[in-house]
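Below is one structure, written out as structure tokens, with a few remarks after it.
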Amino acid sequence: MAFRPRYTGLIERYRDRLPVNDDTRIISLGEGNTPLIKLNHIPELTGKNVDIYVKYEGLNPTGSFKDRGMTMAVTQAVNEGAKAIICASTGNTSASAAAYAARAGITAFVLIPDGKIAQGKLAQAMMEGAVVIQIKGNFDDGMRLVKEVAKEAPVTIVNSINPYRLQGQKTAAFEIIEELGRAPDYHCLPVGNAGNITAHWIGYCEYACSDDKTTEACAFCEGNCRFAGGALVGTRPTMVGYQASGSAPFMRGEMVDNPETVATAIRIGHPQSWDYAWKVKAESDGWFDECSDEEILHAQKLLAEKEGVFCEPASATSLAGAMRDIQSGKIRDNSSVVCTLTGHGLKDPDTAIQQSTGPVIKIESTLEQVKKAILDNVD
Ligand code: F0G
């Protein structure tokens, strides 16, 4: 039977804008091409007139945006002859690295903080055959060890300090521009290591530079973008990065040694893309801010309840911060706002169930009792 896949992943889709050539063996699971969903009910809760879109990155193959970077990083590693990859992770990177390593037929070593990663992510890494190394320490400790061990053992680092990761992740910006016909006015993201906010800025800059040669060369592409644009409007958004209050080095202006937050994915005190992120802020005229755990969980719940979109806690940080800045007027009225939802809600079922107040009604299995349950709960 002829196999004609409808979509074969972001490297094929954006081949001319990524560091691959005709001979490259591509390692893909069909990542990218995620939906940009226009919110129906939440914007009016802000009392302002704004269009809010969420880029639902939880619909990538392993349930997070990491797959965009991992297809590129693992493709590059395999083509360089690597037999093993390694990462430190708060969970999603490990799930993604494990999957793409399995796909490529190589080994993944993942260092995760003992007891501090969400169940779904641990299940993924274990099922996908990674060598799971739990450390008595946090992500930042893991990252330091990974950098050290990679100097002494034959492993390729696939954290976002690997530049191929950012190349893959920049494609999310391409997709957004293509769908909106222009860049949004504001792009809000949760920030941990700040790799993703940097990658998005690279993507937006490449579009803007190639489309409008008068745009000042940015620090990333230095005016050398290979992507020949065309009909698209050469704008770039204001980039806004939100952190969890207990893990907010960009707000403190310095590294944080003992980060804490319910949003374990962004429980990071020593961001790897520190300098890049400040450049993104400066170039885009953007800002950083922080959200409390309560605000994060509230936004997560709101998205699920009001829009049917289930994301993990860290992801909801983008919406939590955006709603506050829309209400205060910092994000201007009549603007378009994209919030990246970085990971799927099923990644962290424990936190979801703990904070759910929705009725779970226990009854005998009789028609009477089912009917009563319905009648008691219809509006
Ligand atoms: N959201 C989720 C769901 C994440 O998993 C991460 C990072 C981020 C946001 C922050 O992205 O680091 O590029 O600023 N997770 C990494 C991991 C650290 O190991 O899975 P960033």
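Each value in this text was obtained by applying a stated rule to the coordinates, not by laboratory testing. Since the structure is predicted, the reported quantities are computational estimates derived from the model, not experimental observations. With ideal geometry, Cβ positions are generated from the backbone for all residues, glycine too; neighbour counts draw on all protein chains shown.
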Here is the link list: Lys116/Lys347; Lys66/Lys279; Lys116/Lys362. Which ones come out longer than 24 Å on Cα distance? Lys116/Lys362
Mean projected area, convex hull of alpha-carbon positions in the stretch 232-284, reported to one decimal in nm², is 4.5
Could you pull the Rg and Dmax for the stretch 127-170, using just the Cα atoms, both in Å? 12.1, 33
Dividing the mean separation of Cα pairs under 8 Å (6+ apart) by the residue count of the stretch 57-190 yields a relative contact order in percent of 28
How big is the shadow of the Cα convex hull of the stretch 1-89, averaged over all directions, in nm²? 9.5
Fully extended contour minus Cα-Cα distance, from Asp22 to Ala373, at 0.36 nm per residue: 120.3 nm
Have a look at Gly308, Gly203, Gly358 and tell me which one the Gaussian network model of the chain (Cα, springs below 10 Å) gives the largest fluctuation. Gly358
Please compute the alpha carbon radius of gyration of the chain, then divide it by the globular-protein estimate 2.2 N^0.38 Å. Two decimals is fine. 1.00
Taking Lys301, Lys38 and counting other beta carbon atoms within 10 angstrom, the fewest-first order is Lys38, Lys301
If contacts are Cα pairs under 8 angstrom and at least 6 residues apart, what is the relative contact order of the chain in percent? 19
Fewest to most Cβ atoms within 10 Å: Arg13, Arg68 sort as Arg13, Arg68
Nitroxide proxy distance, nm - points 7 Å out along Cα→Cβ at Asn33 and Asp333: 4.1
Once you place label points 7 Å from the Cα toward the Cβ at Gln355 and Leu45, how far apart are they in nm? 1.1
Remind me, relative contact order of the stretch 223-379 in percent, using alpha carbon pairs under 8 angstrom and six or more residues apart? 19
Beyond 25 Å (Cα-Cα) in this structure, taken from Lys170/Lys281; Lys48/Lys121; Lys170/Lys306, we find Lys48/Lys121; Lys170/Lys306
Choose one answer from Ala73, Ala123, Ala316: the residue with the largest mean-square fluctuation in a GNM of the chain with alpha-carbon springs under 10 Å. Ala123
If I stretch the segment between Trp278 and Arg6 completely, what's the gain in nm (0.36 nm per residue apart, minus their alpha carbon distance), one decimal? 94.0 nm
Dipole magnitude of the chain about its Cα centre (Cβ charges: Lys, Arg +1; Asp, Glu -1), debye to nearest 20: 720
